[in-house]
Amino acid sequence: MRAWRPKQQTARLTPAPADPRAWGARCDVCPLRGAKPVFGDGKVNPALAVVGEAPGREEEAIGIPFVGKSGEALTESLERAGTTRSMVFIDNAVACFPPGGDMKAFIQRAKKQAKASGVEWHEPVDCCRPRLFFALGIPQCSSCGKWKAGPDSCGCKAPRWLYPKPKEGVERRPPKTLLLLGNAALESVLGVDGVMARAGYVHAVPWRGPDAMVKP
Ligand code: SF4
Ligand SMILES: [Zn+2]
């Protein structure tokens, strides 16, 4: 099948930082370090943000998320829903293409590597989660440093949820609604293991920013 190319959008809508660590990515503990990251792209403060699992080969080559087969399907779905790619923000739980597109193998390697280096790790993609959370405008507890994943508190008696300061050349894109495609996106954003109980769940969140998270 011919690779899909955006009809209107031939370049990124928003500039990407040269270094994923500018968005807080922990590439030093990630088995994919050295790969070419594909950063989220789209509207600033959109009504909807879509988060998938990871870029594929075509996304890696073009440097824009969701431009392969899944991108074609997503673009058509958005158009059927009366919107366009340029009106939403699109990102992935993991910014780099996992070898062979094998997320399961990547997650296993990442967990093993974190354990071997004594790094605290939450499934499935802790290395890239700060980058995604920063982009989506999810707040971080200034007392313990944990990000506010889903409706759960960090465990501090009086958590202070703050938005990290925007870094140079990087803008946050807090959406009203998050559409999470796939287990990696759901687990990463909600910070939960085993998503079966949450499948088909409309998740109201209490922080300023996303109003709801939906998994189809
Ligand atoms: S997946 Fe994320 S954390 Fe891992 S190397 Fe790529 S940008 Fe860095
Ligand atoms: Zn805390």
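The values are calculated or read from the model by the stated rules, or taken from the named source; none is laboratory data. Everything numeric in this text was worked out from a predicted model, so none of it was measured. As a convention, Cβ positions derive from the backbone with ideal geometry for all residues, glycine included, and neighbour counts pool all protein chains shown.
The lone criterion from (1) modelled with pLDDT of 85 or more; (2) over 14 Å from the mean Cα position of the chain (by Cα) left unmet by CYS96 is number (2). Filtering region 13-32 to residues that are more than 9 Å from ligand 1 (Cβ to nearest atom) and not in a loop (DSSP other than H, G, I, E, B) leaves only ALA22. With respect to the stated conditions, ARG85 fails to be in contact with a helix residue (DSSP H, G or I) (Cβ under 8 Å, 6 or more places away or on another chain) and exposed (fewer than 15 other Cβ atoms within 10 Å of the Cβ).
From the list VAL44, VAL67, VAL38, VAL50, which one is among the β-branched types (Val, Ile, Thr) and part of a strand (DSSP E or B)?
On the way: VAL44 fails: part of a strand (DSSP E or B); VAL67 fails: part of a strand (DSSP E or B); VAL38 fails: part of a strand (DSSP E or B).
Sole residue among the options that is among the β-branched types (Val, Ile, Thr) and part of a strand (DSSP E or B): VAL50.
Being of a type in the set (Lys, Arg) and surrounded by fewer than 13 Cβ atoms within 10 Å (Cβ to Cβ) is the filter here; which residues of region 88-122 pass it? The answer is LYS104, LYS112, LYS115.
When only residues in region 45-57 that are touching a helix residue (DSSP H, G or I) at 6+ places or on another chain (Cβ under 8 Å) and closer than 15 Å to GLY101 by Cβ count, which is farthest from ligand 2 (Cβ to nearest atom)? Can you show your working first?
Of all residues in region 45-57, those touching a helix residue (DSSP H, G or I) at 6+ places or on another chain (Cβ under 8 Å) come to 46-54, 56-57.
Restricting the remaining residues to those that are closer than 15 Å to GLY101 by Cβ gives 52-54, 56-57.
Working: GLY52: 29, GLU53: 28, ALA54: 29, GLY56: 36, ARG57: 39 Å.
If we take residues in region 45-57 being touching a helix residue (DSSP H, G or I) at 6+ places or on another chain (Cβ under 8 Å) and closer than 15 Å to GLY101 by Cβ, then ARG57 is farthest from ligand 2 (Cβ to nearest atom).
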